[in-house]
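K.L.:
Dropping a structure here in structure tokens format, bear with me for questions.
Quick note: the coordinates plus some simple rules give every number you see, no bench work behind them. As the structure is a prediction and not an experimental result, all values here were calculated from the model. Here the Cβ positions follow ideal geometry from the backbone for every residue, glycine too, while neighbour counts run over all protein chains shown.
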Amino acid sequence: MGCPDVKMLIGVGSRMTVTAEAPIKLLEVARHLPELSRYAPGNLLCIERRGRPWRLAWIREADAGTVTTANGFVYDRMSGVRLVPAEGGTDTACPLTLERLEYLMVLEFLKCAEKIRPAHLPASRVQSFAPVARAFLQLMDEQGSAPDGRLTERT
């Protein structure tokens with residue numbers, strides 16, 4: 001599957017210009033990571049802050065020395081340092097890797113999980129979240145970061 005088809009899957013229509021606001025569906029990016037992770041126009045790169053993945057950005061232009069995102073930021077291709085606008089730039093551009101994508105997926109999971117309101121869902125829908133909740137609590141317990149026993153006892 002070529003990049004135009006992949007872009008349709010991740011939220012960019014075939015006649016749309018890739019913009020900074022174009023939605024990015026992380027699960028589709030994961031399915032097509034090799035195609036989307038090259039430094040080429042229409043593909044994605046990872047923006048990091050404080051050495052951690054922060055967000056994905058569409059590539060508008062790329063040459064041997066620089067890469068420009070859809071929102072007009074220009075980064076040095078080798079070091080990742082932001083060149084334009086240079087002031088206040090603490091973010092860096094990095095190639096999109098599976099590890100960076102997975103980090104962003106964890107962030108997205110935590111944001112989405114916060115919005116789930118079991119009291120407003122049918123019981124069957126709540127039950128569909130139970131395996132994920134159980135696995136998450138188990139991971140937290142293994143990390144020594146589980147909430148106090150009240151939550152884990154109820155599952």
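K.L.:
So for the pair ALA130, ARG55, with labels modelled 7 Å out along Cα→Cβ, what separation do we get in nm?
P.N.:
3.8 nm
K.L.:
Moving on to the next point. Mind ordering 47-54, 26-33, 91-98, 120-127 by average Cβ neighbours within 10 Å, highest first?
P.N.:
91-98, 26-33, 47-54, 120-127
K.L.:
Right, something else. Sum up the charges of everything whose Cβ sits under 14 Å from the Cβ of PRO95, counting Lys and Arg as +1 and Asp and Glu as -1, but leave PRO95 out.
P.N.:
Net charge around PRO95: -1.
K.L.:
Report the net charge of residues surrounding ALA62, where surrounding means a beta-carbon distance below 9 angstrom and charges are Lys +1, Arg +1, Asp -1, Glu -1.
P.N.:
Surrounding charge for ALA62 is +1.
K.L.:
Follow-up question, since we're still on this one. Test of understanding: what is the full-extension gain from ALA40 to ASP63, defined as 0.36 nm times their sequence separation minus their Cα-Cα distance?
P.N.:
My answer for the length gained is 7.4 nm.
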